[in-house]
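> This structure is in structure tokens; I'll ask about it shortly.
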Amino acid sequence: MNWRPLLAFTGLVVPSVHAVIRFGCAQLVTQRFDPLVTPGQVSPHVHQIVGGNAFNITMDPSLDLPNLATCTTCRFKEDKSNYWTAVMYFKHPNGSFIRVPQIPNHYTGAYNGGMTVYYIQPPNFEPVTAFRPGFRMITGNPMLRNYDKIDPESPEAYSVSFRCWETTGFFDQDNMSPPGVGNYDTIHLPKKKCPAGIRANIFFPSCWDGVNLDSRDHKSHVAFMTGTVDSNRGLFFRNGTCPSTHPVRIPLLFYETYWDTRPFNDMWPTDGSQPFVLSMGDPTGYGHHGDYVFGWEGDSLQRAMDNCRDAFGDPSTCASQLTILSDAEINSCTQKPQINERVDGYLDKLPGCNPIQPGPASATMIANCDAVSTTGFSPSRTAAPAEVTAPPAVVTPAV
């Protein structure tokens, strides 16, 4: 695989030096688990999960994921982390729903479904502190149905977006802008047919308080860099400073999911309405979100951040630090769903209790739901494990 064209993909011509590792992850399992928001319970909505096979319904912070996992669906053997997002469905004109398939992104291999994961370093090889064991975080808000209360120039406004691909070529015009900006990206689901599919973009905050590995809302221990966002560059390779409350620069984590909407273009509603909906009943896309649980072996991620300095994200340039797995190896790592329900094929309704809530008001949880997803769960509850802390972060120069 040759991933050298990555800078063309970013559309950036920048004076500073940047580095990134970019790799594909095959599908591990698709089911209603979200061990960050609803630990120990079945999640209200479906997620697609990739990464190490130690993934489970609780993901207790004390678990040693790298040693518990026997395989990973991601390109590097050392990465037993877990990454997950909501699932996209197509609402058929007859009222039924069918899951939209995922396919590999450009130049990432031939794996089953999944997504592309990026760990982006600061400009000019500035020091970056890798995540610590037990670290986890989320980005986005599944209840959002509009951005009326979000500053349009803030990092939050650029953290989730969708690219409507007109063509499939890596070097085509619709792939020349950084994620989240340009003429082909929107902060909501595209309101027109996308001939070559839809790519979802999800950015996480890149500043850490240096102490807490998690927080009650799974967000407060991290923060986006301060300042407004350049509308031509977005968050990818963005220069900036961390706030004083979150002074430690961590890798900028970024997900891409390539949803193959092409099979549904001939079934587009005759009234022109947007037919795609995310698994929590969101037809807008504003509620898209991502979850992350760190699980890299030992100091492998720190080594990669210190030594893998390819601006194009080609995993082969990191082979001296990390072990590269084949497509066959990552495809063979799977889990059987533990929830006895259908999430694929034509469905009468979205799994769980997820009626379509188009907004613009924020979505609400369905009370007294008889689906297994809400057993013991109420709308007012935020799953809150005890605060988990780490030794103070010591930032050392990259070598």
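The values are calculated or read from the model by the stated rules, or taken from the named source; none is laboratory data. Here the structure is a predicted model, which is why all the values come from computation and not from measurement. Cβ coordinates were reconstructed from backbone atoms using ideal geometry, including for glycine residues, and neighbour counts include every protein chain displayed.
> Quick one: how many residues across the stretch 226-269 are farther than 30 Å from residue 98 by Cβ, part of a loop (DSSP other than H, G, I, E, B) and β-branched (Val, Ile, Thr)?
6
> To continue, here is another question. From the list 280, 305, which one is touching a residue at least 24 places away in the same chain (Cβ under 8 Å), of a type outside the set (D, E, K, R), crowded, with 20+ Cβ neighbours inside 10 Å and in a helix (DSSP H, G or I)?
Residue meeting the stated conditions: 305.
> A further question follows. Taking residue 332 as the residue in question, decide whether it is modelled with pLDDT of 95 or more and more than 21 Å from residue 45 (Cβ to Cβ).
In short, yes.
> How many of the residues in the stretch 218-236 are over 17 Å from the mean Cα position of the chain (by Cα) and either modelled with pLDDT under 95 or farther than 16 Å from residue 130 by Cα (or both)?
Count: 10.
> Go through 160, 229, 248 for me and flag whichever is over 17 Å from residue 118 (Cβ atoms), in contact with a Gly (Cβ under 6 Å, 6 or more places away or on another chain), in contact (Cβ under 8 Å) with a residue 60 or more places away in the chain and not hydroxyl-bearing (Ser, Thr, Tyr).
Exactly one of 160, 229, 248 is over 17 Å from residue 118 (Cβ atoms), in contact with a Gly (Cβ under 6 Å, 6 or more places away or on another chain), in contact (Cβ under 8 Å) with a residue 60 or more places away in the chain and not hydroxyl-bearing (Ser, Thr, Tyr), namely 248.
> Further question on the same structure: Collect the residues in the stretch 119-133 that are buried (at least 20 other Cβ atoms within 10 Å of the Cβ) and not polar (S, T, N, Q), keeping them in residue-number order.
Selection gives 119, 120, 122, 128, 131.
> Which one is farthest from residue 325 (Cα to Cα), of the residues in the stretch 59-81 that are surrounded by 16 or more Cβ atoms within 10 Å (Cβ to Cβ) and of a type in the set (Ser, Thr, Tyr)?
Selected residue: 81.
> So the check is Cβ under 8 Å with 6+ separation or different chains; which pairs have a first residue in the stretch 24-39 that's closer than 16 Å to residue 138 by Cα and in contact (Cβ under 8 Å) with a residue 24 or more places away in the chain and a second one that's among the small types (Gly, Ala, Ser) and surrounded by fewer than 21 Cβ atoms within 10 Å (Cβ to Cβ)?
These pairs meet every condition: 36/383; 37/383; 38/383; 39/383.
> Separate question: In the stretch 260-270, is there at least one residue being surrounded by fewer than 20 Cβ atoms within 10 Å (Cβ to Cβ) and closer than 26 Å to residue 153 by Cβ?
no
> Let me ask another. From the list 203, 224, which residue is in contact (Cβ under 8 Å) with a residue 24 or more places away in the chain, surrounded by 22 or more Cβ atoms within 10 Å (Cβ to Cβ) and either hydroxyl-bearing (Ser, Thr, Tyr) or under 21 Å from residue 311 (Cα atoms) (or both)?
Among 203, 224, only 203 is in contact (Cβ under 8 Å) with a residue 24 or more places away in the chain, surrounded by 22 or more Cβ atoms within 10 Å (Cβ to Cβ) and either hydroxyl-bearing (Ser, Thr, Tyr) or under 21 Å from residue 311 (Cα atoms) (or both).
> With part of a strand (DSSP E or B) and hydroxyl-bearing (Ser, Thr, Tyr) as the only criterion, which of 161, 220 stands out?
161
> What single numbered condition from (1) closer than 18 Å to residue 254 by Cβ; (2) touching a strand residue (DSSP E or B) at 6+ places or on another chain (Cβ under 9 Å) fails to hold for residue 194?
(1)
> Here's another thing I want to ask about it. So residue 311 passes all but one of these: (1) small (Gly, Ala, Ser); (2) touching a helix residue (DSSP H, G or I) at 6+ places or on another chain (Cβ under 8 Å); (3) surrounded by fewer than 17 Cβ atoms within 10 Å (Cβ to Cβ); (4) over 23 Å from residue 26 (Cα atoms). Which condition number does it fail?
Among (1) small (Gly, Ala, Ser); (2) touching a helix residue (DSSP H, G or I) at 6+ places or on another chain (Cβ under 8 Å); (3) surrounded by fewer than 17 Cβ atoms within 10 Å (Cβ to Cβ); (4) over 23 Å from residue 26 (Cα atoms), the lone unmet condition for residue 311 is (3).
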